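Notes follow once the structure below has been shown.
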Amino acid sequence: MKVSCLQENLAKGLSIISRAVASRSTLPVLGNVLIATDQGRLKLAATNLELAVTCWIGAKVDEDGATTVPARVLGDFVNSLPPERIDMELNVRTQTLHLKCARYDANIKGIDASEFPIIPTIGDGKRISLEPETLREMIEQVTFAAATDESRPVLTGVAAKFEKDKVTFAAADGFRLSVRNATLTAPVDQPVSVIIPAKALQEVGRVSGDQEEAIEMAVTENRSQVLFRLTNIEIVSQLIDGVFPDFTRIIPESHATRTVVSTAELQNAVKASSVFARESMNTIRLQVAPANELGGGKMTITATSAESGDNVGDIDATVDGESVEIAFNARYLADVLNNLRAPQIAIETSGSSSPGVFKAVGRDDFTHVIMPMHVGK
């Protein structure tokens, strides 16, 4: 193998595939990155057997070939080089990759490419077309609610359902639920329902920032893997086997109080209260009072710490219904406010012990449910 490419292109390509490199593995080759020539371009790939990311970059190919070299060594070295041309040449006998850039030279010892796992690619089967901006927003608004604890594997994933021209993503960790709907540009022939690891979707969101064309998604015939194809990137992930809980039963069908407030004002109030909440089970209380002869509706946000003290914040609110006091986990509140993407938020409640439902005002495609915290008076 004999190829040349620009340092900035190689550095960017390595950063794209970096999250798929296995950090601890009994197979040394999984800590390596595959470098191979592919139809006049340079292919970079990494996998930890659960997630695989492949990226193609522009290159001048003089001789075809392939090898694998330690991802961290290559990444750290390439990042330290000046933004100039890198020439790479492989000594096949010793599996040593020689790199030359400006006045820098390096020899990196590798492992034969034949030992690298085969990564599936999207065939000519059924594909689902997704708009990049919509998909990124769906990923942002749902994956943060997925569980990070592996005790219930299905909850570490996102339930993705495609039916006709509708797509629904849902994630829950037992304390909160996030549901996001969207319309597909091209309807699907048959309904598809899978559980995609939240980490894999976050990777798709992370690497699709420059993507303008539609992202193609396909599920393998044995329904064990999902593939995402971008312009110069492919991501393959194992699917999670199991049955996702029926999340529609968690969303309350009615409410006693609907409170509309400014997202930014509530964000600031929650941020201020979090300073005291972190020492008291991360609890923040919301007290909602409708308008009366003394003035308009308001929401009071409070947190109390036995060690540090307490704080109170008031914001204006449009309240439809009766007054209510309810407590939530401060981090859960901050998470939904950070991902709402709307100037106003509506909070629907039915008392201090019932779940709170959070919706973006002016759009009906996002629903978030948070279980309340039980606190003494």
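Overview of results
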| quantity | calculated |
| --- | --- |
| The range 128-248: relative contact order in percent, alpha carbon pairs under 8 Å with at least 6 residues between | 27 |
| Fewest-first sequence of Ser323, Ser237 by Cβ atoms within 10 Å of each Cβ | Ser323, Ser237 |
| Centroid-to-centroid separation of the range 300-377 and the range 6-50 [C-alpha atoms, Å] | 43 |
| Ascending count of other beta-carbon atoms within 10 Å, so fewest first, for Asp364, Asp76 | Asp364, Asp76 |
| Degrees between helix 198-207 axis and first principal axis of the chain (Cα, 0 to 90, nearest 10) | 70 |
| Convex hull volume of the range 128-248 per residue (C-alpha atoms, cubic angstrom) | 98 |
| Exposure proxy order (Cβ contacts within 10 Å, fewest to most) of Val270, Val369, Val375 | Val375, Val369, Val270 |
| Helix 132-143 vs. the chain, principal-axis angle (Cα, 0 to 90°, nearest 10) | 60 |
| Amide proton proximity set for Gly157, modelled H, under 5 Å, gap of 5+ | Ala147, Ala198 |
| Degrees between helix 263-277 axis and first principal axis of the chain (Cα, 0 to 90, nearest 10) | 90 |
| Per-residue [θ]222 nm for the chain (sum of -39500 (n - 2.57) over DSSP H runs n ≥ 4, rounded to 500) | -5500 deg cm²/dmol |
| Longest site-free stretch - the chain; sites: GluC sites (Glu not before Pro), DSSP loop, at most 16 other Cβ within 10 Å | 85-149 |
| Distribution of pairwise C-alpha distances over the chain, 20 Å bins, in % | 25, 44, 26, 5, 0 |
| Computed magnitude of the charge dipole of the chain (debye, nearest 20; Cβ of K, R +1, Cβ of D, E -1) | 560 |
| Potential extension, Arg331-Glu163 segment - 0.36 nm per residue separation minus Cα distance | 57.2 nm |
| Relative contact order computed over the chain (Cα-Cα under 8 Å; 6+ residues apart), in percent | 12 |
| Relative contact order [Cα under 8 Å, 6+ residues apart], the range 68-124, whole percent | 33 |
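We did not get these values from a lab; they are worked out from the coordinates using the rules stated. A quick note: this is a predicted structure, and the numbers were derived from the prediction, not measured. Cβ: placed from backbone, ideal geometry, glycine included. Neighbour counts: every protein chain shown.
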